Every structure is written in structure tokens, then in C-alpha cells.
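Peer 1: After the C-alpha cells below, expect a handful of questions from me.
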Amino acid sequence: MRNAFVRALVELAKKDKRIELITGDLGFGVLKPFWEGLPDQFTNAGVAEQNMISVATGMALEGKTVFVYSIGNFPTLRCLEQIRNDCAYHKANVKIVCVGGGFAYGPLGVSHHATEDIACLRAIPNMTVMAPGDAAEADACVRALVETPGPAYLRLGRGGEKKIREGIDNFAVGKALKARDGERIALFSTGAIFDEVDSACDLLKNEGFYPAVYTFPTIKPVDRDLVESIAKDFELIVTCEGHNVLGGFGSAIAEILAEANERKAKALTLGVHDRFTDIAGDQAFLRSREGIDGQGIASRILEKMRG
Amino acid sequence: MNSEQLSWLIRRHCVEMTHRARASHIGSDFSATDILATLYADVLRYDAKAPQWRDRDRFLMSKGHASAELYAALAESGFFPVEELKTFCENGSRLLGHVSSEVPGVELSTGSLGHGFSVAVGMAYAAKKSGDVGHKVYALLGDGECNEGAVWEAALFANHFRLNNLVAIIDRNQMQSLDFGENTLELDDSEGRYRLADKWRAFGWRAIEVDGHDLNQLKSAFEEAGENAKKEPHKPTVVVANTIKGRGVAFMQNDVLWHYRYPHSGWEYDDAVRELHERIPSGVVDPYASSGIMRVARPENDGEIVDDHALSSSWKSSYPEQMRRVEARPGTDERVHAVIEDKQ
């Protein structure tokens, strides 16, 4: 996914010299195609994220389209106030790119688990928040963000994500995309957790359930129309994210469901259980511990459907 | 309008604006007033009728709490009607208590310290990348603001990218919101060998130290900054302007009380206006009280002012002499705080 991001950005930046990429001294190897291919549009701002975000703002206010790259919580929580006061308030054309949403850097410890970023960034006015589920979605997000002026947050997985679908038609910021047709249950997925959602569907098939699956490359603005329409027709809406259940994607959906006039669907919010993960583990292990691996997701859905 | 006239008018507006709005930071306004007056009268290139003119010099007020003086400087420089200053902090006004970019001539909204400087660095960097050599970027920081780590991140970045189109100005008034800077986070070293300007030099900057209330020195410093950019094109310039918080009104000077306190009705307001009128430059008319204030009530010994939120010791005139720095070497008196000489 991160390689798709870099590939797309290199292609776009070759055509549009206003595009700049700033890294906070991270992206070894990953950013090489951009660094070597477009050295005049590349900056390493050093290990200084607060300054990096404000510098990006200054450059954006002077007409640049600035992508800022780092991992985990470094380009978000470390410099949240700079994002709010400088980027977002001034509607600066800054795109903050984080590699390693959720438990992508699982074994590295809590400092490297990005599990509150969606909640924080979503709460800031003017921000667009995106979390693609595979390389194709990441590619589409980058292209859309270049076309959409203003501040945005792009949350990427680390790589190796399963391909969701053949080709994306009519990609647009703020629109969810169907990944599977189904009935009774609708599964909403954002970001790299799609892999687990997909496995859960295969398990549920054996139990006689055929969930529809939608991916949400955009978390803010969220696809309200789709959520409202699904809420009318389906029995259960399940959200799944590699993020705390508080304030994230599930909360964004729950906010709509709470106000929906015609609603049949019950809701189930799956994610990290508002706790720090203080034992070592890779992404698969930590997801399973939080019940957001394929098996865990399937079990929670079965519990809910069978009461 | 010359810088002396502009300087007087900024102070006069600040008294009026903070008084009407019951707003804070007049002390911070006053320490940087002469810097702003020099910039807007003699240094910055701008077109008040076209605030977004591409080749304008960018000025960013990183110490965003000193908003009243910036609004006053902009209004007097023609960016918007002077009359509007009266709406400072009123419901519905665009003149927010911390610097707002909704106001014509303001490049960036600020208020949280350590942001504006980094944005200025980004603007200077973008100009370099685009080959825009027609303008400079200026940022005014408080010395208390230099407590913020982001300031030093930006100082590193500006050096690394050789931003000779950038001029930082430090309003070195030695005082923060609760106390003297040296009692808070000292910016000079404990042995007095390396001062704040030396820190910037060590970060790769050219540093110029001036009396921040001497309009000629300030103007020369900015000219020197311009020459430096050519002579030493690998260096950004910082002007460390030694100033006095509250400068211009005797009872506000060098007193932490006036970081937050506004001039109350009665003797505080009256005496401030009276004192400003002692030094009104020729050609300037006070827009609020053209003949000044003749009879000034005197403060009462146990007036309400002594119960203000500052430490009571800070209101006593003996306060500066009694304050001591954190003693690095106990048993000596070398840490006694020296009050800045008022050269007035």
C-alpha cells in the first residue's frame, strides 16, 4: 500500500511541480523513488515533526501541494496542535500521510501503535480523513487528494494487503465502495483491516451468513447516504477498524445511525478495546487479541445474530 | 507616517483597545511596539490595498498574544479603517484576542507559541524553491516563546536550508507570563558567557543585538539583515531586540502584572494616556482624546489593583531587586537580578 502511494505520488509530482514531499526522517527505501527521481521536490525535515507540519503549512500557503510523510503517531499526535492551528484552520493544502495505522508496527510497542489517530484527526474541522484498504484504494486516494485542495490525513497500512477488487470505478472522496454483495449483515471496513473482514466473511459463509461488505476509503466526510440506506435494509451493521472503538470509524457510523429516521439495523463496533497493548506481538497476533482478526470478527457477528 | 509617529499611535491604540475590551497583553504589546513601528514604517514592502500582493514581504506575528499592536500597526498602515480597532475582542468582531488571519494584512493566525516561526520558515523555504527572490519573510517571536522546542526545530531547519531570505526578531523583554524569564527557563547560560544571541549563532544564524526601543538601531539592524543576506548567503538573520515589557508607561514597565492586566478605568487608564502625551510626536493627533488627560486620579494604597492575579510581590516596586535567579553556586550574590536600565 505504501509503495502504491509512492508510485502514484511520483507520477503526479512529475507532472505537477507544485507537489512536494516532506519526510520526518523516515521511509528508508520506501521513499527512494521519489527522493531520487524528484530531488528538487523532496525534503527531509529531520526528526522534528512539529516544525515539519508548520513548515508544510507555510509552503502550502505559498502555493505548494505538500505531502508530509512519517509513521505511526509521529505525523499526527506528536504535532496535533500544529495540524489544528496551522494546517486545518488555514485550510492549507497539506496532506499528512501516516504509514502504519493500527498494529502495523505491532512488535515495536505502544509508541508505534496508531490507534487513536482517526479519532483525533476526525475531530478537527476542515480535515479530510482517508484510510484505503489496499494498494488500488491507496492509489485512488492519492490522486483524489491532489485534486482536492485543503488539509487531509491519509492513513496507510504497511504493505502486503490483499487486493480487494478488480479496478475501481467512480472513486470519489466521501464515497464508500462495495466489495461484496450480501444480505442481512453489512460489514463496513476502513483501512488495512479489510484482510480480516474478508476472512470473516469466508468463515460466516460456512455458518450460512452472507454479509455485504463495503470499504470506506474516506472516513471524513463519511458516506452518510450509503449508511442511511443500509440501515433501512439490513439487520446488522458491523464496523471494523484497526483503531480504538472510541471516536474512530465505528463512532462516525454510530453518529449517523443514532440520528437515522428509518433504521432497522442494529450496530456492532469492532476495534481496539480502549486499552494499550502492552505485550509484544505482530499485527496478526495483536488483532486476534483484540478480536479483530477474521475469527474474532466472525464470532462476534454470530453472537450478535444468534442472540 | 514615520516610525516614531507610528510607534506612538500603536501604544495609544493598545491602551484604548485593551482598556475597552478588558483584554490582556498590553505589556507584551509595548515591548514590541517599536519593532513593529520600524517594520511597518521603514522596512516591510507591502500594498495595503492589495494585501495578497505576490511580492510583498511576509510578516508573521509568532507571539500571537500581542494582537492589539499588530492590528493597530495594520490599521494605521492603511489595511483597514482605524475606527475598527474599537471593536477589538467585541462579540462578532474579526479582531480576535490572538492574531487572526481574517484581518487584512495578517499572514497567519497565531496564539499558540512556537507555530508562526515554523510557518515563516516554510514560507521562506517555498520562496527559495520557487525562485521567488523579490521578498523576505519576517517573524517576530517573544523570548518566552523560545521556551518552545519547535522554535529550535525551526532554527535548525532554517540553517540547514540556508534561508537567507528569513529574518527572525526576538522581543527580548526578559519576562514571561508569570515571572522573569531567568526565573522560568533561562535562555542565557548559567555563567553568563553565552547569551541568547550566541545560541542562535551556534545554530548557524547571524545574530544582531540591538536596543529594541531605539528606532534608528532597529532600522539599521534590518538594513544589516538585508546586507547579510548578500554577504553571507548561507545564513538566516536573527535580530535580538533587547526590550522592556510595558515600555512607554512607567507604572507598567518591567512588571509582570501587566502581562495580563488591562488599564482599568480611573488612574490606570488616565495616567497611561497622560504619560504617552508627554512624548507625543509632532504631527500626531490622539484619535481618542486630542488634548490628552489633564487631571489624573492617583492610586489608593489598598486599591483593587493589589488584589490582582499576579503575585502580590510583583506589584511592589522593590520586586525586581529582591528577585534572585536559581542559585547555581550557593552563597554568592551574583545571581541578583539586574533591572534593565531605563534609558528614557
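Peer 1: Quick check: from the Cα gyration tensor, does region B:3-242 come out rounded (a/c under 1.5), prolate or oblate?
Peer 2: oblate
Peer 1: Under 8 Å for C-alpha pairs, at least 6 residues apart: give me the relative contact order for region B:3-242, rounded to a whole percent. Walk me through the numbers on the way to the answer.
Peer 2: Working: 457 pairs, mean separation 45.1, N = 240.
Computed value for region B:3-242: 19 percent relative contact order.
Peer 1: Would you mind telling me the antiparallel percentage of the DSSP bridges in region B:3-242, rounded to 5?
Peer 2: Bridges in region B:3-242 are about 5 percent antiparallel.
Peer 1: Within a 10 angstrom radius of each residue's Cβ in B:153-162, how many Cβ atoms of other chains show up on average? Whole number is fine.
Peer 2: Average neighbour count from other chains, rounded to a whole number: 4.
Peer 1: Cα centroids of region A:256-286 and region B:241-275: how far apart, whole angstrom?
Peer 2: After rounding, the separation between the Cα centres reads 56 Å.
Peer 1: Give me the one-decimal nm value for the distance between modelled label points at A:PHE285 and B:SER130, 7 Å along each residue's Cα-to-Cβ direction.
Peer 2: The two pseudo-label positions are separated by 5.0 nm.
Peer 1: OK, next. In which sequence would B:CYS146, A:CYS120 go, from the one with the fewest C-beta neighbours within 10 Å to the one with the most?
Peer 2: Taking fewest neighbouring Cβ atoms as first place, the list is A:CYS120, B:CYS146.
Peer 1: Along the Cα-to-C-beta direction of A:PHE171, a point sits 7 Å from the Cα; which residues of region A:106-148 have their amide N less than 14 Å from that point?
Peer 2: It comes to A:130-148, nothing else.
Peer 1: Further question on the same structure: With an 8 Å cut-off on Cα pairs and a minimum separation of 6 or more residues, tell me the relative contact order of region A:21-115 in percent.
Peer 2: Answer for region A:21-115 is 28 percent.
Peer 1: How about B:LYS86: which lysines have a C-alpha closer than 22 Å to its C-alpha, ignoring those fewer than 8 places off in the same chain?
Peer 2: B:LYS49, B:LYS63
Peer 1: Still on this structure, I have one more. Please order B:ILE169, B:ILE293 by the number of other Cβ within 10 Å, starting at the fewest.
Peer 2: Ascending Cβ contact count within 10 Å gives the list B:ILE293, B:ILE169.
Peer 1: Just from its helices, what would the mean residue ellipticity at 222 nm be for chain B, if runs of 4 or more DSSP H residues each count -39500 (n - 2.57) and the sum is divided by every residue, rounded to the nearest 500 deg cm²/dmol?
Peer 2: Helix-only estimate at 222 nm: -10000 deg cm²/dmol.
Peer 1: Which of the GluC sites (Glu not before Pro) found in region B:149-218 are loop residues per DSSP with 16 or fewer other Cβ atoms within 10 Å of their Cβ?
Peer 2: Of the GluC sites (Glu not before Pro), the ones in loops of region B:149-218 whose Cβ has at most 16 other Cβ atoms within 10 Å are B:GLU186, B:GLU191.
Peer 1: Given DSSP loops and a limit of at most 12 other Cβ atoms within 10 Å, what is the longest stretch of chain A that contains no such chymotrypsin sites (Phe, Trp or Tyr not before Pro)?
Peer 2: Free of exposed loop sites, the longest segment is A:29-275.
Peer 1: Provide the percentage of antiparallel DSSP beta bridges, counting only those with both residues in chain A; round to the nearest 5.
Peer 2: Numbers: 6 of 43 bridges.
Antiparallel: roughly 15 percent of the beta bridges in chain A.
Peer 1: So, R0 is 22 Å and r is the distance between the beta-carbons of B:GLU232 and B:GLU191; what FRET efficiency does that work out to, to 0.05?
Peer 2: Values: r = 28 Å, r/R0 = 1.29.
Working from the Cβ atoms, E equals 0.20.
Peer 1: Within a 10 angstrom radius of the beta carbon, how do A:LEU156, A:LEU12, B:LEU9 rank from fewest other beta carbons to most? Don't skip to the end; give the middle numbers.
Peer 2: Numbers: A:LEU156 29, A:LEU12 17, B:LEU9 25.
Ascending number of Cβ neighbours within 10 Å: A:LEU12, B:LEU9, A:LEU156.
Peer 1: Using R₀ = 41 Å, calculate the FRET efficiency as 1/(1 + (r/R₀)^6) where r is the Cβ-Cβ separation of A:GLU36 and A:ALA260; round to 0.05.
Peer 2: The computed FRET efficiency comes out at 0.25.
Peer 1: Quick one: longest stretch of chain A between exposed loop GluC sites (Glu not before Pro), exposed meaning at most 13 other C-beta atoms within 10 Å and loop per DSSP?
Peer 2: Counting only loop sites that pass the neighbour cut-off, the longest clear stretch is A:1-165.
Peer 1: Going through the DSSP H helices of chain A, which span 24 Å or more along their own axis at the Cα atoms while scoring at least -0.5 as a mean Kyte-Doolittle hydropathy?
Peer 2: Membrane-span-like by this rule: not one helix.
Peer 1: To make sure I understand the rule: partners must be aspartates and glutamates, Cα under 19 Å from the Cα of A:LYS304, and not fewer than 8 residues away in the same chain. Which ones qualify?
Peer 2: A:GLU183, A:GLU196, A:ASP198, A:ASP202, A:GLU207, A:ASP233, A:GLU235, A:GLU241, A:GLU290, A:ASP293
Peer 1: Tell me, what HN-Hα J-couplings in whole Hz come from the Karplus equation 6.51 cos²θ - 1.76 cosθ + 1.60 at θ = phi - 60° for each residue of region B:53-58, using x for Gly and Pro?
Peer 2: Once rounded to whole Hz, the list reads 2, 4, 8, 5, 6, 8.
Peer 1: In the structure shown, do any of A:LYS17/B:LYS136; A:LYS17/A:LYS162; A:LYS205/A:LYS264; A:LYS91/B:LYS245; A:LYS14/B:LYS230; A:LYS64/B:LYS136 have a Cα-Cα gap over 26 Å, and if so which?
Peer 2: Beyond 26 Å: A:LYS17/A:LYS162; A:LYS91/B:LYS245; A:LYS14/B:LYS230.
Peer 1: A further question on this structure: Quote the relative contact order of region A:177-306 in percent (integer), defining contacts as alpha-carbon pairs under 8 Å separated by 6+ residues.
Peer 2: Over region A:177-306, the number comes to 29 percent.
Peer 1: In whole Å, what is the distance between the alpha-carbon centres of region A:70-130 and region A:143-182?
Peer 2: 18
Peer 1: Rounded to the nearest 0.05, what FRET efficiency do A:HIS273 and A:ASP16 have when you use their Cβ-Cβ distance and R0 = 45 Å?
Peer 2: After rounding to 0.05, the efficiency reads 0.55.
Peer 1: Sticking with this one: Based on Cβ point charges of +1 for Lys and Arg and -1 for Asp and Glu, what charge dipole magnitude is obtained for region B:61-155 about its Cα centre, in debye rounded to the nearest 20?
Peer 2: Around 280 debye, computed over region B:61-155.
Peer 1: List every DSSP H helix in chain B whose Cα atoms extend 20 Å or more along the helix's own long axis and whose mean Kyte-Doolittle hydropathy is at least 0.0.
Peer 2: B:116-130
Peer 1: Let me ask another. Quick one: dipole size for chain B, taken about the Cα centre, charges +1 on Lys/Arg Cβ and -1 on Asp/Glu Cβ, in debye to the nearest 20.
Peer 2: 1140
Peer 1: How shielded is A:59-65 by partner chains, expressed as the average number of their Cβ atoms within 10 Å of its Cβ atoms? Walk me through the numbers on the way to the answer.
Peer 2: Numbers: counts 10, 4, 8, 12, 4, 5, 0.
Mean partner shielding for this stretch: 6.
Peer 1: How big is the antiparallel share of DSSP beta bridges in region A:2-156, given as a percent to the nearest 5?
Peer 2: Bridges in region A:2-156 that DSSP calls antiparallel: roughly 5 percent.
Peer 1: Follow-up. What shape does region A:2-156 take by its C-alpha gyration tensor, where a ≥ b ≥ c are the square roots of the eigenvalues and a/c under 1.5 counts as rounded, a/b above b/c as prolate, and the rest as oblate?
Peer 2: Working: a/c = 1.33, a/b = 1.10, b/c = 1.21.
Here region A:2-156 falls in the rounded category.
Peer 1: Report, in debye and to the nearest 20, how large the dipole of region A:177-306 comes out about its Cα centre when Lys and Arg carry +1 and Asp and Glu carry -1 on their Cβ.
Peer 2: 260
Values quoted throughout were computed directly from the atomic coordinates according to the rules given, and no laboratory measurement underlies them. Here the structure is a predicted model, which is why all the values come from computation and not from measurement. Cβ sites come from the backbone with ideal geometry, for glycine too, and all protein chains shown count toward neighbours.
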